[in-house]
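Working notes for the structure below.
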Amino acid sequence: MHFSVSIPTNKEGLNMPLPFADEQDLVRIVKEAERLGFHSVWGNDHITAPRYVRDEFKKPPRFYELLVTLSYLAGVTSKVKLGTCVIVLPMREPVYLAKQVATLDHFSGGRVLFGCQSEYYVVPFAEGNVAKIPDSVTDEQALFATDSTAANTCRGAVWCTMCPAPGTSRS
């Protein structure tokens, strides 16, 4: 059995008060989780606070970009795994996302746990801020494939094989 810690990457105003955690707090939380032997830390992926949260508070909540935050935290830890809970695929371009996750996994020594979903957070869709990408899960699977034939199926792009590929850490 594994135990994990949820890190407050973008929960202010949702289920955490404002202000709740700055970058030094995130570092303290993750270092303590690693020291205590937790398996992993997980951050949420919201591009921005929902309108009702932005309207409720005078000062905007801190909604940190998940992959940048995990990259920052990878640099101050060495063992704890770093999880995405969950990356909202339609808000991201699949090729760049695959490259970002593969690079983070490489630089962190293979510690990334990649969770994704195609329609997790529906408010931005209702507000008309993003377009749906129906093939995004399939694209990510193809881009993370070690078989170059599978990787080349992503949008017909023959150059999509990720290097470094996930699981090919620097150690």
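The values are calculated or read from the model by the stated rules, or taken from the named source; none is laboratory data. Bear in mind the structure is a predicted one, so any value in this text is a computation, not a measurement. Here the Cβ positions follow ideal geometry from the backbone for every residue, glycine too, while neighbour counts run over all protein chains shown.
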Leu67 at pLDDT 95 or above and surrounded by 17 or more Cβ atoms within 10 Å (Cβ to Cβ): yes
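Here is a yes/no grid of residues against (1) basic (Lys, Arg); (2) under 17 Å from Val76 (Cα atoms):
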{"position": "Glu34", "(1), (2)": "no, yes"}
{"position": "Gly43", "(1), (2)": "no, yes"}
{"position": "Thr48", "(1), (2)": "no, no"}
{"position": "Val53", "(1), (2)": "no, no"}
{"position": "Lys59", "(1), (2)": "yes, no"}
Enumeration of residues in the stretch 35-81 that are part of a loop (DSSP other than H, G, I, E, B), farther than 19 Å from Asp25 by Cα and among the hydrophobic types (A, V, I, L, M, F, W, C): Ile47, Ala49, Phe57
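Looking at the structure I just gave you, is Ser171 modelled with pLDDT of 95 or more, out of contact with any strand residue (DSSP E or B) (no Cβ under 7 Å at 6 or more places or on another chain), on the phi < 0 side of the Ramachandran plot and in a loop (DSSP other than H, G, I, E, B)?
no
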Hits in the stretch 58-102 (condition: within 22 Å of Ser118 (Cα to Cα), among the β-branched types (Val, Ile, Thr) and touching a residue at least 12 places away in the same chain (Cβ under 8 Å)): Thr69, Thr84, Val86, Ile87, Val88, Val95, Val101
Top-ranked residue of the stretch 24-53 - restricted to ones that are among the basic types (Lys, Arg) and in contact (Cβ under 8 Å) with a residue 40 or more places away in the chain, ranked as surrounded by the fewest Cβ atoms within 10 Å (Cβ to Cβ): Arg51
